[in-house]
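**Q** One structure, as structure tokens, below. Some questions next.
The values are calculated or read from the model by the stated rules, or taken from the named source; none is laboratory data. Just so we're clear, the structure is a prediction, and the values are computed from it rather than from any experiment. In this analysis, Cβ positions are derived from the backbone assuming ideal geometry, glycine residues included, and neighbour counts consider all displayed protein chains.
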Amino acid sequence: MNISGDDFIRGCSAIGAGLALIAGIGPGVGQGIAAGHAASAVGRNPGAKSDVTSTMLLGQAVAETTGLYGLLVAMLLLFVKPLLK
Amino acid sequence: MGNTALLLSGDVDFMIKGIFSYNCFGNEVWITTTHVCTLIVMLILIGFAVCANRAIKKANTDEAPGAFLNIVELLVDFLDGVINSTMGKNAGKFVNYICTLFLFIFLSNISGILGLRPPTADYGVTFPLGVITFSLITFNKFKHQKVSGVIKGLCDPWVFWIPINLIGDFAVPISLSLRLFANVLSGTVMMALYYGLLPIFVKIGIPAALHIYFDLFSGAIQTYVFCMLTMTYVSDAIGTD
């Protein structure tokens, strides 16, 4: 079977895109921890529910950034294919 | 084996497409879907503003407000509350900018529901927003902390920390804009994959739930986060005095 250079790069790009999405583990764990602590905070002090929720959402959205960088790298590898040019 | 070589079948379509090009002093400039969608979003916002202005001018203080006026009051109340609780006594100067930012980003994010390609899924739209916030931060820093305060802040623990602090300052607009861009883009790509790759019978009804999550929920959260971070950075730059 003959594999041309372009096809090889395409396949490796797909593997790299899959590997890049491992970055999603970290934000997932972090967001889960944040949500758990927010839940316990609401349990202890139900009056502060709206404040706790908005703080939690803000922190989670900031923590999500690293995962999104991984997604961007995967997206670039799959659809822009910088290595083929 | 074209651009869609990696996709199994169907036509997955979420890229920015050029509509027509023209010559601008020898350079080829493209009008893309982003421009058109931004224009539509702006037209909707202008129409909303004109209607709200007219409703407020005609409002009679002796009667209960109508449905439209109620919605406008709810919106202004919500935005005022958020900005006042975050910025405290500095709120008055920034209400205009934050409200504009909020309405534009929110409508851009949820315009996927209207069948448009969200303008914020283009890095050329979110990066200028980040740069505007960055200039606001820097301007307020120099205005309120003076040059000596800025230099003191740059060599915070020690003089050799200057490059790291500089990188930290310049990372603010990039991370702000990339966060918004990547979130909206991921929603757009998900919807395009769903519409492009699956057989016809799962495309009835189910996409409504996906639209609610990817467009409405995620868009609203990201709008809130962008405005919140802008307010936090600016009040940080102003300082406590």
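**Q** How many residues does region B:161-193 contain that are of a type in the set (G, A, S), more than 15 Å from A:A61 (Cβ to Cβ) and either within 14 Å of chain A (Cβ to nearest Cβ) or surrounded by 17 or more Cβ atoms within 10 Å (Cβ to Cβ) (or both)?
**A** 2
**Q** Here is a further query. Within region B:199-207, is even one residue in a helix (DSSP H, G or I), in contact with a helix residue (DSSP H, G or I) (Cβ under 7 Å, 6 or more places away or on another chain) and over 18 Å from B:L107 (Cα atoms)?
**A** First pass over region B:199-207, keeping only residues in a helix (DSSP H, G or I): B:200-202, B:206-207.
Checking the rest, the ones that are also in contact with a helix residue (DSSP H, G or I) (Cβ under 7 Å, 6 or more places away or on another chain) come to B:207.
Keeping just the survivors that are over 18 Å from B:L107 (Cα atoms) gives B:207.
Within region B:199-207, one or more residues are in a helix (DSSP H, G or I), in contact with a helix residue (DSSP H, G or I) (Cβ under 7 Å, 6 or more places away or on another chain) and over 18 Å from B:L107 (Cα atoms).
**Q** Could you check region B:40-65 and list, in sequence order, the residues that are within 14 Å of B:L103 (Cα to Cα) and either loosely packed, with under 14 Cβ neighbours inside 10 Å or at pLDDT below 85 (or both)?
**A** B:L43, B:I46, B:G47, B:A49
**Q** With respect to B:L176, determine if the residue is in contact (Cβ under 8 Å) with a residue 60 or more places away in the chain and either out of contact with any helix residue (DSSP H, G or I) (no Cβ under 9 Å at 6 or more places or on another chain) or closer than 30 Å to B:C37 by Cβ (or both).
**A** On the way: in contact (Cβ under 8 Å) with a residue 60 or more places away in the chain: no; either out of contact with any helix residue (DSSP H, G or I) (no Cβ under 9 Å at 6 or more places or on another chain) or closer than 30 Å to B:C37 by Cβ (or both): yes.
In short, no.
**Q** When you go through B:T188, B:T126, B:T133, B:T138 one by one, which is the residue that is in contact (Cβ under 8 Å) with a residue 40 or more places away in the chain, in a helix (DSSP H, G or I) and in contact with a Gly (Cβ under 9 Å, 6 or more places away or on another chain)? Walk me through how you get there before you give the answer.
**A** Values: B:T126 fails: in contact with a Gly (Cβ under 9 Å, 6 or more places away or on another chain); B:T133 fails: in contact with a Gly (Cβ under 9 Å, 6 or more places away or on another chain); B:T138 fails: in contact with a Gly (Cβ under 9 Å, 6 or more places away or on another chain).
Unique residue meeting the criteria: B:T188.
Yes/no per residue for (1) within 20 Å of A:Q60 (Cα to Cα); (2) surrounded by fewer than 21 Cβ atoms within 10 Å (Cβ to Cβ); (3) out of contact with any Phe, Trp or Tyr (no Cβ under 7 Å at 6 or more places or on another chain):
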| site | (1), (2), (3) |
| --- | --- |
| B:F201 | no, yes, yes |
| B:G205 | no, yes, yes |
| B:I212 | yes, yes, yes |
| B:D215 | yes, no, yes |
| B:G219 | yes, no, no |
| B:Y224 | yes, yes, yes |
| B:G239 | no, yes, yes |
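**Q** Quick one: which of A:A23, A:A14 is within 9 Å of chain B (Cβ to nearest Cβ), touching a helix residue (DSSP H, G or I) at 6+ places or on another chain (Cβ under 9 Å) and at pLDDT 90 or above?
**A** Criteria check complete, one pass: A:A14.
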